[in-house]
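Undergrad: One structure coming up, written as structure tokens, with questions to follow.
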Amino acid sequence: MQTEIKQWPALWALCLGFFMILVDSTIVAVANPAIMEDLQTDINSVVWVTSAYLLAYAVPLLVTGRLGDRFGPKNLYLIGLTLFTASSLWCGLSGNIEMLIVARVFQGFGAALMTPQTMAVITRIFPPDKRGTAMGLWGAVAGVATLVGPLAGGVLVDGLGWQWIFIVNVPVGIIAFFAAWRFVPSLETHQHRFDIPGVILSAAGMFFLVFGLQEGNTYDWSGLVWLSIVAGLILLAVFIWYQSWNKNEPLLPLGLFKDRNFSLANIAITSMGFSITAMVVPLMFYAQAVRGLSPTGSALLMVPMAVLTGALAPNVGKLVDRVHPRYIAAPGFLMLSISLGWLALVMQPDVAIWELLLPIALMGVANAFIWSPLAATATRNLPMNAAGAGSGVYNTTRQVGAVLGSAGIGALITSRLTANGVPTGGEHEAGGAMPSFIVDGFSTSMAQAVLLPAGVLLIGFVASLCFSRPIREGDKPPVDAEHQRVQA
């Protein structure tokens, strides 16, 4: 049966939809001022356009990875793609901010249904010795998509209006649906009982934690915010205890974490998700408010990074099959941290644009050395019947990292603006003309904020240094599905 599967067409079909949902994670960043003006809303409300998507995306990921194991990754992917595409049209037709926020919730849930299935299918249709090359393509898509979002957003907002950052998903989604229906194989499902208490505990814990972190600044880190965060942490702790106690069909097979590389890759991808999300925010504010660039002009700063990541990632993926992953991922994390530190040093009001492009180009090289090695290393030693659960955990930690990055960078930007004597009323951050007497303070604040993701990347650097050599085909896997009770 394996020989009948067209592996590469299936991978390309999945990557098309995966690219679309990842672009939507960052595309709104440069459209916020246009949305505020057109829908006549304030900055707190427009932030919810992104927050709603992140919450609806992050909360169900652990569950949707599990659903793919039970009902088939192809089926879940197609359902999620349909929901995502329909919700994109709803977003584009929204006439007020409340309707747009609700539509983004459904769009995020569609993305959550799709994302874990991409890694699960790759893991199940490619043999271990070819999986690194496949993950190289997947890594190129993941890396480029998260960076190309602001560029696509700028071009569409300037040319057609903010609505088109969502409407453009409709034809792409239709093509992606028919490609997946045609080429993605229907894989064997695993009939297990569903862990209802685990679903409730994990979803509730994730929601309260993510909500508290995302809305901390909005509510001035009040007691309600801290109560939400503490409640989320307690619920997640109870969830983990329950998973260890449940010897039948746990939602999260804790035996997965007996594999050293799986645990370390999850730590590393959390730091990556944090940093990629966090670094775009101050850079876009700096480009538009300090340098006076248009949405398209500010997004064009990202071109060297996107191009180099897309060009190098597939070749790096081929190395993953032959080279120890620590020698690929660790230099990537170190380069990315250095490039952000370099960028912070040159983010000044009168610096030449080419001086900004040099560290941004280095980011592109670094990205190529991170995405595919992490993905391939995370899943390589896992048994096939745990592919869905493993990819669900991996994508959840990446998205939680993104949420933490969004919350952390927002809090740091606010504190740095206050420390540097810059008013934080919102009009300048939203793209208004900036008085000359606060330009220096604003620029300094954005540069200082970039140092946060640079520091967090060092966690990923240390984690990737600790990778062990992956199990090669023919070796005995360290995680035995029966002995360790790894359940799909």
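Undergrad: Does the range 286-304 hold any residues that are of a type in the set (Val, Ile, Thr) and either in contact with an Asp or Glu (Cβ under 7 Å, 6 or more places away or on another chain) or buried (at least 18 other Cβ atoms within 10 Å of the Cβ) (or both), and which are they?
TA: Selection gives Val290, Thr296.
Undergrad: Among the listed residues Ala120, Ala112, which satisfies the condition of being open to solvent by less than 10 Å² (accessible area, probe 1.4 Å) and either without any contact (Cβ under 8 Å) to a residue 60 or more places away in the chain or over 26 Å from Trp12 (Cβ atoms) (or both)?
TA: Result of the check over Ala120, Ala112: Ala112.
Undergrad: Would you pick out the residues in the range 161-171 that are assigned to a helix (DSSP H, G or I), open to solvent by 20 Å² or more (accessible area, probe 1.4 Å), of a type outside the set (A, V, I, L, M) and touching a helix residue (DSSP H, G or I) at 6+ places or on another chain (Cβ under 6 Å)?
TA: Trp164
Undergrad: Pick from the range 340-357 the residues that are in contact (Cβ under 8 Å) with a residue 60 or more places away in the chain and buried (at least 19 other Cβ atoms within 10 Å of the Cβ): which of them is farthest from Thr379 (Cα to Cα)?
TA: Per the criteria, the residue is Met347.
Undergrad: I want to confirm something. Restricting to the range 240-257 and keeping residues that are open to solvent by 10 Å² or more (accessible area, probe 1.4 Å) and under 25 Å from the mean Cα position of the chain (by Cα), which single residue is nearest to Val393 (Cα to Cα)?
TA: Looking at the filtered set, the residue picked out is Leu252.
Undergrad: Now a separate question. Could you list, ordered by first residue, the pairs with Cβ atoms under 9 Å in which the first is in the range 322-336 and closer than 13 Å to Val365 by Cβ and open to solvent by 10 Å² or more (accessible area, probe 1.4 Å) and the second is β-branched (Val, Ile, Thr) and modelled with pLDDT of 90 or more, at least 6 apart or interchain?
TA: Met335/Val365
Undergrad: Suppose we filter Ile174, Ile229 for residues that are in contact with a helix residue (DSSP H, G or I) (Cβ under 9 Å, 6 or more places away or on another chain), surrounded by 14 or more Cβ atoms within 10 Å (Cβ to Cβ) and not in a loop (DSSP other than H, G, I, E, B); which single one remains?
TA: Checking each option against the conditions leaves just Ile229.
The values are calculated or read from the model by the stated rules, or taken from the named source; none is laboratory data. Please read these numbers as outputs of a predicted model, since none were measured by experiment. Methodologically, a virtual Cβ is constructed for each residue, glycine included, from the backbone with ideal geometry; neighbour enumeration extends over all protein chains shown. Areas reflect the complete protein model, heavy atoms only, side chains present, ligands, DNA and RNA absent. Shrake-Rupley method; radii C 1.70, N 1.55, O 1.52, S 1.80 Å.
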